[in-house]
Amino acid sequence: METLAYFLPQVWFGILALFLFLYVMLDGFDLGVGILSLTSSNEERRGILMTSLSNIWDANETWLVLMAGGLFGAFPLAYATILTALYIPIVLMVFGFIFRAIAFEFREQAKRKFVWNLSFGIGSFLAALGQGFALGAVLKGIDVDESGHFIGGNWDWFSWQSVLIALTLIQGYVLIGSTYLVWKTTGELQTLHYRTAKIAAWTTLVGAIAITIFTPIFYESARERLFHPPLVYVFGSIPVLGILLISRLLTSLDRREERAPFVWTISIFLLSFIGLGLVVFPYIIPTEITIYEAAADSSSLVIMIIFIGFLIPVMLFYNLYQYIVFRGKVTGGGYGE
């Protein structure tokens, strides 16, 4: 039983990390396209951007719901503490989702679309901003008492570090949104997003370098773990791999490749997740409560794994089926071949 109690929290940490990565990868380009819609020069272009998301955006957010439900069941203490500590960023994110969803539906029926276009773009920005602030708070650490309950202030999540992380995440979403549009559009609109992808790649790189430098400088827990073997070798290789992936991304954009930029961008996100996992693990409430201390009892974790084991393949198949069906280019009249 001791072995099971040690192994199951690790499994659930991996499952939640998978949910989070799938959410960021899939809904990330949704949010990026929404932010880019604010810069569209006319209604026709904005309509193409919206059409590219119309049949897939709601399913992408399902992974966030699964992650929240999994966190509640597997690590109930972490669920309560994290939501309390990050109440304002999470509310900001939820309001962004509400604005996006309402605007998406009402825009199609409205004769004057300006308000709904603006709501969709601003909602996308607010959702990304809230997620960035939440990520910054996680890296900084959450103040808790001996029982794991939050004892900090309402604005502990806000700092110049969290602002930098939030802005970098927004640029990352713009990058993946731009590369998605490179894949899905043609003509002048595709050419435009080759340019926005290049700009976002450079700004994301600058932000990532700054985060990589200041994380071990300002966060003692990260410094103690990452600068000692064997993690120091892994952590040291991540920036090198990141620069290599960015260079491959920029090269694919220069060559006007269509699908490769999106693939390289996903690879960059995956590498970032690995780095984040190294910084956080084994803490579920950084930097005080580990996954072993916050985990539910073993029987509950086993039952949840059985349920999730059936659900994950269904969700993956559903997402894959959507992308296969709507795999064509998006034109002014809808999906093409």
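The values are calculated or read from the model by the stated rules, or taken from the named source; none is laboratory data. In this text, all values refer to a predicted model and were calculated from it rather than measured experimentally. Virtual Cβ from ideal backbone geometry, glycine too; neighbours counted across all protein chains shown. Keep in mind that these areas ignore ligands, DNA and RNA; they rest on the heavy atoms of the full protein, side chains included. Shrake-Rupley method; radii C 1.70, N 1.55, O 1.52, S 1.80 Å.
Overview of results
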| read-out | value |
| --- | --- |
| Principal axis dimensions, largest first and in whole angstrom, of the range 119-194 by Cα | 59, 23, 22 |
| Value of Rg to Rh for the range 89-231 (Rh from inverse mean 1/r over Cα pairs, i.e. Kirkwood) | 1.08 |
| Alpha-carbon radius of gyration plus Dmax, which is the widest Cα pair, for the chain in Å | 20.3, 63 |
| Most mobile listed residue (Ser299, Ser52, Ser124) in the chain, GNM with C-alpha springs under 10 Å | Ser299 |
| The range 118-224: GluC sites (Glu not before Pro) falling in loop per DSSP and having at most 16 other Cβ within 10 Å | Glu146 |
| Normalised contact order of the chain, rounded percent, pairs of Cα under 8 Å and 6 or more residues apart | 24 percent |
| Quotient of C-alpha Rg and 2.2 N^0.38 Å, computed over the range 19-150 | 1.18 |
| Quotient of C-alpha Rg and 2.2 N^0.38 Å, computed over the range 153-295 | 1.19 |
| Cα long-axis angle, helix 114-140 against the chain (0 to 90 degrees, to the nearest 10) | 20 degrees |
| Probe 1.4 Å - accessible area at Asp297, Å² to nearest ten | 80 Å² |
| Spatial separation of Cα centroids for the range 289-320 and the range 239-268, in angstrom | 33 Å |
| Lys, Arg +1 and Asp, Glu -1 on Cβ, resulting dipole of the chain about Cα centre, debye, nearest 20 | 1380 debye |
| Compactness relative to 2.2 N^0.38 Å, alpha carbon Rg of the range 239-337 | 1.58 |
| The range 154-193: chymotrypsin sites (Phe, Trp or Tyr not before Pro) in DSSP coil with no more than 11 other Cβ atoms inside 10 Å | Trp155 |
